[in-house]
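Beneath this line is the structure, given in structure tokens, with notes to follow.
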Amino acid sequence: MTIFLASLGFGLVTASVLAIAAVGFTLQFGVTDVLNLAYGAVMIAAAFIAYVVNQAGLSIWVGLVAAGAAGALGSVLLNAGVYTPFQRRGASPITMVIVSLGMTLIIEFGTQAIAGGTSVSYSMGQGPTVSAGGLVLSAVQFVVIGLSVLVMAGTHVLLRYTRLGKAMRATAANRNLARNCGIRTARVITLTWAITGALCGLAGVVFAMDAGSFDATSTDLFLIMILAAAFLGGPGQAYGAMLGALIIGLATEISAAYITPSYKYVIAFVALLAMLGMRPSGLLGERTG
Amino acid sequence: MKFPVLLLAAAVVAGAGLTACSTSSSTTGTTTPGAAASGAPNGSALVIADVAPFSGPDAALGPTYLASCYGATSAINAAGGVLGHPLTCKSVDTRGDPADAVPAVNQMFASTSGLSLVIGCTSDEAASVVPVINAHKMAMFCMTGQSEFDNVHYPYFYRLVPPDLEESYAMVAIAQQLHYKRIALAFGNDIGSQTFIQPAISALAKAGMTLATNQTLDLHATTFRTEATAIIASHPDAIMTEALGSADPTLFQEIKQLNGGKMIPVIGTSAAISPAFFKSAAAAVGATEFTANFHADNLVTETSGPAYQAFSTALLSQQGKVPGASGDFTTYLSAPGGVHLYDGINLAALAMIKAKSTDPSVYGPDIIAIGNSAPGAKVCYSFAACAAALKSGSASRYEGPGGPTSFDSFHDSTGIFQVDTYSPSGQVNVVGNLAASQLRALSG
């Protein structure tokens, strides 16, 4: 029971970090139709922006805000400077995937060239630790979980109760129809890049805080977990991504507690494949056929 | 919103392949095109290639070796160079992965004029690149302790570091000195780290200690909470570890969190003696907490005397000039790669002068001649002094900050070990020595 509680706590932290990243990723994909594999690279670049702010003597929480802003700006520029021109020329979805892979390498190795290849850590305390049963969480981890809940609630409010959110949903469902209904889809898409970019930046810092130490390539494996969470929930489905993140986060940590930790990703992805085998469109995705 | 499953699969596979497919290299200094190793035109630069990880989990190793290269070549160039040639350094990034290392080395041979020596070749990539470099008839000083090089003869391979199994024994000997009884192992899943495990397990048994748990750390994972929990649950007195990059600092932080705010004592390998490692670990758990709980084995190096004076002057003159070097630069004075590759470069440069050739197949035997030398040969402690002695025709023996060398028939010259700690400011302290008899007692 102690081991289970401990791994449940770890799983919640992992799921929280993953949820922030996966919701941003899946919203971005759903509204813009770009499977942006450079998402992980933007995350880590934003984490380094926060590191620079932190090294300048400011709190990491200031760095978090700076990283969110940098993620938003970077993502808007990435779309305007790279993806939109390709889309305008009629690039196919697979071409866009290759383009985003190229951008991943450019951003990741660009970050590495500037920041160096060695790992770095934020100057921050973990705060007091709370233990209950086998569950052990630090104050920072509680903040990460809280931040994730806040992001999920914010996303829910945005999509359900705001004009922008409704426009985003309409654009995601059918861009041409939305445009014919008077929605300025180009503007919606730009705002989507900004919002999801901010989430990406936020996720980068939270990821780095959770990992404790990070380098320019740290999100390589994490990107695959983001993809897994997003597609498990149903591509483009924000609520699905939340659910997917929770399942993947808990599955990796709980399986690690009972089997050797080396297999924790294997177990998570076997579960993912099994679930996609039964529901190819994801848990909350639209049924086809 | 529908997306073909095939596209998803392609994306995931492509994403997963990112790490494996990326290679990069960069050049420091200037090289003169057209200069061949065997017959380099007068005045053209001779290139020393640092083939090592500059990115990935072991990224701290490349800059450590590059610092020694910059230091050695600056001193050699200040003394007039080698046979009228200045020396420059080039970095070749292997990413610590054999799959990236082989193409990087092939590219190095295809694109580097005046290449005269290779340094680096760590355990991460040595098994795959040493045969390639040897096939190109290029001399190399490698920082690998892999035992497969103990008994296989590569004519162009030289090594100034002991086999990894001896380093495993050294870690166990440190645990003995500190009176630890239960030991947890936590090594990275890279080749270079995994090689320590079996010798460590057998040495622990020989020493009468208990193996509390053996955890393998995936260097690409972002948390090790489960591994940390398992280690804490096994109640070890100390953890022996080598998981470079962000892995060890993350593990230390998570152990501290899950262990009521206390670190468990750690015994690291000599690879942990680097400014980058100290910076990451100290940031993860706090410098005071880290230094109070950390010991590492390290090869014995001199900390005073004429050889050390020449070495420290040369190395410290390059502070702020070495790409990728971060943290307290003086740590490189104790880093095994920093010291022994400095010696390796000096030995090779002196061999070139003695052989009157920059061709490795010609000057190679003279590395042994200068390193071992004949009885009665005059000992010299710097490139400048040894080069002057060679030019005057007297028999000389180079003895650098890594101590005297004694190459065997496989070109291995292994040193003895000391015990290092850090001070909270990041300086390295030598707190003990390990006698050869102690290591022999732990060997299989």
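Each listed q (0.09, 0.13, 0.16 Å⁻¹) maps to a log10 I(q)/I(0) for chain A from the Debye sum over equal C-alpha point scatterers, namely -0.42, -0.89, -1.33. Note on the range B:363-414: the C-alpha convex hull projects to 3.7 nm² when averaged across all orientations. The percentage of C-alpha pairs in the range A:1-138 whose separation is greater than 19 Å is 62%.
When a 1.4 Å probe is rolled over the protein heavy atoms, the share of accessible surface on chain A that falls to carbon and sulfur comes to 69 percent. The phi-based Karplus calculation (6.51 cos²θ - 1.76 cosθ + 1.60; θ = phi - 60°) puts the 3J(HN,Hα) values of the range A:201-210 at x, 4, 4, x, 5, 4, 4, 5, 5, 5 Hz, whole numbers, x for Gly and Pro. Most fluctuating residue of A:89, A:179, A:163 in a GNM of chain A with Cα springs under 10 Å: which is it? Result for chain A, Cα springs under 10 Å: A:89 fluctuates most. Computed over the range B:85-211, the quotient of the alpha carbon radius of gyration and 2.2 N^0.38 Å is 1.26.
Which of the three applies to the range B:47-123, rounded, prolate or oblate, going by the alpha-carbon gyration tensor with a ≥ b ≥ c and a/c under 1.5 meaning rounded?
Here the range B:47-123 falls in the oblate category.
Label separation (residue A:143 vs residue B:288): 2.1 nm, computed from points 7 Å beyond Cα along the C-beta direction.
Once the C-beta distance of residue A:161 and residue B:425 is scaled by a Förster radius of 56 Å, the resulting FRET efficiency is 0.55 to the nearest 0.05. Take every Cα pair under 8 Å whose residues are at least 6 apart in sequence, average their separation, divide by the length of chain B, and the relative contact order is 18 percent.
The range B:231-307 and the range B:105-154 have their alpha-carbon centroids 30 Å apart. For residue B:354, the aspartates and glutamates whose Cα comes closer than 17 Å to its Cα, not counting residues fewer than 8 places off in the same chain, are B:343, B:366, B:399.
Distance between the 7 Å Cα→Cβ label points at residue B:309 and residue A:105: 5.2 nm. Here the alpha carbons of the protein assembly as shown define both size measures, Rg and Dmax, at 27.4, 96 Å.
A Cα-only calculation for the range B:159-272 places Rg and Dmax at 13.2, 44 Å. Taken over the range B:375-444, the percentage of Cα pairs per 10 Å bin, counting from 0 up to the bin with the maximum distance, is 16, 29, 30, 20, 5. Among the listed pairs B:356/B:378; B:256/B:321; B:181/B:262; A:166/A:264; B:321/B:378, which have their C-alpha atoms separated by more than 30 angstrom in this model? Violating the 30 Å limit, Cα to Cα: B:256/B:321; A:166/A:264; B:321/B:378.
Hey, what's the Kirkwood Rh for the range B:227-333 if you take every pair of different alpha carbons, in angstrom?
One decimal place: 15.2 Å for the Kirkwood radius.
When accessible surface is computed with a 1.4 Å probe, chains A and B are found to bury approximately 4000 Å² between them, both chains counted.
At residue B:137 and residue B:319, where each label point lies 7 Å from the Cα along Cα→Cβ, what is the point-to-point distance in nanometres? It is 4.4 nm. Annotation for the range A:130-199 versus the range B:393-414: alpha-carbon center distance of 65 Å. Eigen-decomposition of the gyration tensor built on the alpha-carbon atoms of the range A:1-82 gives equivalent ellipsoid semi-axes of 27, 21, 8 angstrom, largest listed first. On the principal axes of its alpha-carbon atoms, chain B has extents of 65, 64, 39 Å, going from largest to smallest. A Gaussian network model of chain A, with springs between Cα atoms under 10 Å, assigns the largest mean-square fluctuation among A:196, A:26, A:252 to A:252.
Comparing the range B:145-189 with the 2.2 N^0.38 Å rule of thumb, its C-alpha radius of gyration ratio is 1.53 (two decimals). Residues A:187, B:95, sorted by accessible area with the largest first, give A:187, B:95 [1.4 Å probe; ligands and nucleic acids excluded]. With contributions of -39500 (n - 2.57) from each DSSP H run of at least four residues, the per-residue ellipticity at 222 nm computed over chain B stands at -12500 deg cm²/dmol. Annotation for the range A:25-96 versus the range B:165-214: alpha-carbon center distance of 44 Å. The C-alpha radius of gyration of the range A:221-267, expressed as a fraction of 2.2 N^0.38 Å, stands at 1.15.
How many Cβ atoms of partner chains, on average, are near each residue of B:321-333 if near means within 10 Å of its Cβ? What the average comes to for B:321-333 is 1.
With a 10 Å cut-off around each Cβ of B:247-254, the average count of Cβ atoms from other chains is 5. A Gaussian network model of chain A, with springs between Cα atoms under 10 Å, assigns the largest mean-square fluctuation among A:22, A:173, A:198 to A:173. Under conditions of 37 °C and 0.692 mPa s, the range B:46-91 yields 297 µm² s⁻¹ as its translational diffusion coefficient, taking Rh as the Kirkwood radius over Cα pairs in the Stokes-Einstein equation. Based on the Stokes-Einstein relation at 25 °C and a viscosity of 0.890 mPa s, and on the Kirkwood radius from alpha carbon pairs, the range A:134-247 is assigned a translational diffusion coefficient of 155 µm²/s.
Take the Cβ atoms of residue B:107 and residue A:153, set R0 to 60 Å, and the FRET efficiency comes out at 0.70.
In order along the range A:157-170, the phi-based Karplus estimate (6.51 cos²θ - 1.76 cosθ + 1.60, θ = phi - 60°) of 3J(HN,Hα) comes to 4, 4, 6, 8, 10, 10, 5, 4, x, 5, 5, 5, 5, 5 Hz; Gly and Pro are listed as x. Entry note: the range B:298-444 has Rg to Rh equal to 1.00, where both radii use alpha-carbon atoms and Rh is the Kirkwood radius. In this structure, the amide hydrogen of residue A:284, modeled 1.01 Å from its nitrogen in the peptide plane, lies closer than 5 angstrom to those of A:234, counting only residues at least 5 positions away or on a different chain.
Applying the Kirkwood pairwise sum to the alpha-carbon positions of the range A:29-74 produces a hydrodynamic radius of 11.1 angstrom. For residue B:279, a cut-off of 19 angstrom between C-alpha atoms picks up these aspartates and glutamates, skipping any fewer than 8 places away in its own chain: A:210, A:215, B:58, B:242, B:248, B:254, B:289, B:297, B:328, B:420.
Paramagnetic label reach from residue B:433 (point 7 Å along Cα→Cβ; backbone nitrogen cut-off under 19 Å): within the range B:380-424, residues B:399-406, B:414-421.
Each peptide among A:52-63, B:352-363 gets the average number of other Cβ atoms lying within 10 Å of its residues, and from highest to lowest they stand as B:352-363, A:52-63.
The values are calculated or read from the model by the stated rules, or taken from the named source; none is laboratory data. No experiment lies behind these values; they were computed from the predicted model shown. As a convention, Cβ positions derive from the backbone with ideal geometry for all residues, glycine included, and neighbour counts pool all protein chains shown. The protein model used for the area step is the full one, side chains on, heavy atoms only, and it has no ligands, DNA or RNA in it. Shrake-Rupley method; radii C 1.70, N 1.55, O 1.52, S 1.80 Å.
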